[in-house]
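Presented below is the structure to which this report refers.
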Amino acid sequence: MMDMHTHTSYSDGVGTILENLAEAERKGLRLLGISDHIHYFTPKSFNAYLRDINTAGEDSEVVLLSGIEANIEPNGPDIVEYFAERLDYVIASVHKWVETPREYIELVKTALMDDNVDVIGHFGANFPYIGYPSRDELMEILELAEANGKAFEISSRYRVPELDFVRECIKRGIKLTFASDAHWPKGVGNVSWSEKVFKKAGGKKEDLLFSELL
């Protein structure tokens, strides 16, 4: 089992990296990603973050990966190569409020074309509030993800994307991750919804990002 989207006190979480890791060990996770919000970091704190992740993972049977969650802004994700090249993976998510599904889709497209991005976070979390995109718009997103080798997370926190979207990812060979989006240690590993949707969609181990580490 994996959980690739967790936060710590390095951003807006309340626990430490070690506390998140301890919870992952307690719940029997094989793979844990720490993915704090990028806008909390300075170059100095980013160096400390990487050091703490590397140190914490040295004596654990859980594979601990260093990630970050970038914000998708109108001019693209706020991730720079200096950060990305030192991380194991980068999540890019829409956090700003938009008025229409088309605006949301256009933001995600910028992330799908960004070489520094690996995973799209909680895709569709805004749809219940702003409306749902057309099938053509969703196909456009899937085609871009496939062409650019991007993955999508299955978010247990927001319960997105929808089952049909996950099925289409698997059909196209688009990798997936499980995500609790935990902001406290006890939430780490709470990915049962992600696992359920993945299995219902016919997913297998090889359909997961970092499957070689599981």
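The values are calculated or read from the model by the stated rules, or taken from the named source; none is laboratory data. No experiment lies behind these values; they were computed from the predicted model shown. Please note: Cβ atoms are built from the backbone with ideal geometry, for glycine as well, and neighbour counts cover all protein chains shown. To get the accessible areas, we keep the full protein, side chains included, count just its heavy atoms, and leave off ligands, DNA and RNA. Shrake-Rupley method; radii C 1.70, N 1.55, O 1.52, S 1.80 Å.
Some notes on this structure:
- Size of charge dipole - region 10-97 - debye, nearest 20, with Cβ of Lys, Arg +1 and Asp, Glu -1, no other charges: 80 debye
- Helix 163-172 axis, angle to the chain major axis (alpha carbon atoms, nearest 10°): 90 degrees
- When only the Cβ of Lys, Arg, Asp and Glu is charged (+1, +1, -1, -1), the dipole of the chain relative to its Cα centre reaches about 700 debye.
- Largest mean-square fluctuation among LEU138, LEU65, LEU176, in a Gaussian network model of the chain whose springs join Cα atoms under 10 Å apart, belongs to LEU138.
- Annotation: the antiparallel percentage among DSSP beta bridges lying fully within region 36-191 is about 15.
- Three-way shape call for region 130-214 based on the alpha-carbon gyration tensor, with the a/c threshold at 1.5: oblate
- Taking the chain as a Gaussian network of alpha-carbon nodes connected by springs under 10 Å, the highest mean-square fluctuation of the residues ASN75, ASN126, ASN20 belongs to ASN75.
- Peptide packing for 146-152, 196-202 was compared via the average number of neighbouring C-beta atoms within 10 Å per residue; ordered from the highest value, the list is 146-152, 196-202.
- Three-way shape call for region 65-182 based on the alpha-carbon gyration tensor, with the a/c threshold at 1.5: rounded
- Normalised by the number of residues in the chain, the mean separation of alpha-carbon contacts (under 8 Å, six or more apart) gives a relative contact order of 23 percent.
- The chain: Lys pairs at Cα distance under 18 angstrom, eight or more positions apart or on different chains: 21
- Comparing Cα centroids, region 164-206 and region 1-42 end up 17 angstrom apart.
- In nm, spacing of pseudo-spin labels at LYS44 and LEU214 (7 Å Cα→C-beta vector): 4.1 nm
- Percent of beta bridges antiparallel (DSSP, region 1-97, rounded to nearest 5): 10 percent
- Dipole magnitude of region 108-214, debye to nearest 20 (Cβ charges: Lys/Arg +1, Asp/Glu -1, about Cα centre): 540 debye
- Farthest positive-ward along the chain dipole, Cα basis, beta-carbon charges - from THR16, TRP184, SER93: TRP184
- 0 to 90° range, to nearest 10: angle between helix 17-26 axis and the chain longest Cα axis: 80 degrees
- Net length gained if the chain between GLU206 and MET1 were fully extended (0.36 nm per residue, minus Cα distance): 72.5 nm
- Protein-only accessible surface order, largest first, of PHE46, PHE41 at 1.4 Å: PHE41, PHE46
- Against the main long axis of the alpha-carbon atoms of the chain, helix 135-148 sits at an angle near 50°.
- In the context of the full protein assembly, ILE154 retains an accessible surface of approximately 0 Å², using a probe radius of 1.4 Å and ignoring ligands and nucleic acids.
- Dipole of the chain computed with +1 at Lys/Arg Cβ and -1 at Asp/Glu Cβ about the Cα centre; of TYR40, ALA201, PRO77, farthest Cα towards the positive end is ALA201.
- For THR16 and LYS171, a Förster radius of 45 Å and the Cβ-Cβ distance give a FRET efficiency of 0.70, rounded to the nearest 0.05.
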